[in-house]
Amino acid sequence: MKALAFLLLLLTHYCFAQNHYYGTLVDDQSGQHIPFGHFSYEGNKGFISDDAGQFELYSNAETIQIQISAIGYQNHTFLLKPAEQNIVGLKSKTENLQEVVLDYVDPAKELIRNVVAAIPKNYPTQQEQIYGTYREDAYWDSLYTQPIYKAETLTKADKFSYAKKTSDGNVQILEHKLDAINMDSVEIR
């Protein structure tokens with residue numbers, strides 16, 4: 001009976017026995033610990049190393065083939081052995097990125113650039129002639145019913161190019177009409 005109980009205890013211990021896998025994830029070149037590496041095995045099982053690169057796992061398997069990935073490192077496959085310190089080294093992965101060009105456009109400078117580009121359109125560089133009418137009325141009363149005189153002048157002016165700065169010009173009076181109702185009250189200066 002004792003032998004049977006011992007055999008049953010031994011069989012139970014053998015059935016529930018688990019292997020202890022542990023180790024550290026390190027950089028191959030510098031030896032520094034790699035935090036938060038991702039370990040996956042048996043297709044859908046996995047775990048993550050801690051912030052010091054340490055990991056630990058309990059399993060019934062005699063050995064475990066594990067796939068390891070970490071940001072900035074090449075993926076690696078490693079065979080974990082139970083009951084011993086497993087040092088897993090990963091190689092750095094260098095990636096050549098395409099050139100990035102940052103192009104900042106200052107809105108104030110862009111506005112000035114657009115204004116300068118529009119000068120020829122807004123301010124022509126050729127000479128023009130401008131026609132206009134000048135009208136003046138004067139009244140005796142504040143209700144504008146008793147006029148003193150009415151004057152109207154049709155003018156023609158030469159508008160020179162904005163490129164040629166000048167302080168004088170040519171203005172012609174083409175027609176002048178003056179209707180004076182009471183010339184005694186009109187003062188000409």
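For Lys109, the conditions (1) modelled with pLDDT of 90 or more; (2) over 31 Å from the mean Cα position of the chain (by Cα); (3) among the basic types (Lys, Arg) all hold with the exception of (2).
Among residues that are at pLDDT below 85, more than 30 Å from His20 (Cβ to Cβ) and either polar (S, T, N, Q) or in contact with a helix residue (DSSP H, G or I) (Cβ under 9 Å, 6 or more places away or on another chain) (or both), Asn96 is included.
Out of all the residues in region 91-103, which are assigned to a loop (DSSP other than H, G, I, E, B) and either surrounded by 10 or more Cβ atoms within 10 Å (Cβ to Cβ) or aromatic (Phe, Trp, Tyr) (or both)? The answer is Lys91, Lys93. Selection within region 104-131: residues that are outside any helix (DSSP H, G or I) and either among the β-branched types (Val, Ile, Thr) or touching a Leu at 6+ places or on another chain (Cβ under 8 Å) (or both). The member of this set that is surrounded by the fewest Cβ atoms within 10 Å (Cβ to Cβ) is Val105.
The residues on offer are Gly53, Gly132, Gly72, and the sole one that is within 30 Å of Gln172 (Cα to Cα), in contact with a Ser or Thr (Cβ under 8 Å, 6 or more places away or on another chain) and touching a residue at least 12 places away in the same chain (Cβ under 8 Å) is Gly132.
The set of residues from region 42-85 being among the aromatic types (Phe, Trp, Tyr) and either in a loop (DSSP other than H, G, I, E, B) or at pLDDT below 90 (or both) comprises just one member, Tyr58.
Residues checked against (1) modelled with pLDDT under 85; (2) over 41 Å from the mean Cα position of the chain (by Cα):
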site	(1), (2)
Lys2	yes, yes
Phe6	yes, yes
Leu9	yes, yes
Cys15	yes, yes
Gly23	no, yes
Gly31	no, no
Pro35	no, no
His38	no, no
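The values are calculated or read from the model by the stated rules, or taken from the named source; none is laboratory data. Only a predicted model underlies this, so the values are computations on that prediction, with no experimental measurement involved. In this analysis, Cβ positions are derived from the backbone assuming ideal geometry, glycine residues included, and neighbour counts consider all displayed protein chains.
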